[in-house]
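Heads up, the thing below is written out as structure tokens.
Read-outs throughout are calculated quantities, based only on the coordinates presented, and are distinct from any laboratory measurement. All of these numbers come straight from a predicted model, not from anything done at the bench. Note that we place each Cβ from the backbone using ideal geometry, even for glycine, and neighbour counts take in every protein chain shown.
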Amino acid sequence: MKMLTTSLVAAATLAATAMLAPGTTATASSLGVAPRVAGTGGAMVQGAVVDQRGRHVDDVEVQAVDLATGDVVASDLSYASPDNDIEHGYFALRVRSGSYEVTFSKPGYDTETVVVDRARREKAGIGEVELTKRPVASDTDARAPRRVELGDKVRVSVRVSAAGDPATPSGSVVLTAGRRVVERGQLRDNGTVVLDLGRLGRGDYTFVASYAGNDLLKGSSSARVPVEVYKPRRRH
């Protein structure tokens, strides 16, 4: 878990938002209610949450813990904030003067902590807080004709996907036959690649496609793909 220490400054780095009455509890943007400011006090801590690729992240739980008492004094969920020209990932907490540990957490992401020293009765911004999205499982599927006539080219089509995740597969795929690397290729934008093995000699082959993964997706390997290269019988 990373630790970042910052002092709130008088000039706000983000535009101020309208405030709810003290004691108002924010609700999730996914429920159709956009929270404004959570907590009570005269100092406002605000900013935006992004992932490691700079994409703004909504529905991140943001909590401020008073370092003097250990109590949670304010909480919010990041959300879209048209009033602040921030499409997604905005958060705002109201706190009293003091020092706070502000945590940012969401399932599937590493938790981030920011220590805010000497919060005063003024509006100020933390800026962008980066949460690292943990890699999710990928699925690699490889297909080829079961039988290929001798003299024809052998092509293996590979598709990499991540079920239920918007991450786009990118990176390289390696095709092996046993321990031997047969071909390599880079995935296209749609997560596919066609590996051209050229004309192979007569015989039986078994290929496996392996995806290396990237910062958002874990690597994976396909099932075995059998291919028979055969010589057709001559007709008399």
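Data for the structure
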{"item": "Difference of contour (0.36 nm per residue) and Cα-Cα distance, R199 to L150", "result": "16.9 nm"}
{"item": "Average projected area [Cα convex hull, the stretch 139-230], square nanometres", "result": "5.6 nm²"}
{"item": "For S97, S170, S78, order by how many other beta-carbon atoms lie within 10 Å, fewest first", "result": "S97, S170, S78"}
{"item": "Sparse-neighbourhood loop sites, trypsin sites (Lys or Arg not before Pro) in the stretch 145-236 - DSSP loop, at most 16 other Cβ within 10 angstrom", "result": "R146, R179, R188, R202, K218, R224, R233, R234, R235"}
{"item": "About the Cα centre, charge dipole magnitude for the stretch 139-230 (Lys/Arg +1, Asp/Glu -1 at Cβ), debye", "result": "320 debye"}
{"item": "Where a label projected 7 Å from the Cα of E228 along Cα→Cβ would reach, residues of the stretch 195-211 with amide N under 18 Å", "result": "200-207"}
{"item": "Förster radius 25 Å - calculated FRET efficiency between E101 and D59 (Cβ-Cβ, nearest 0.05)", "result": "0.75"}
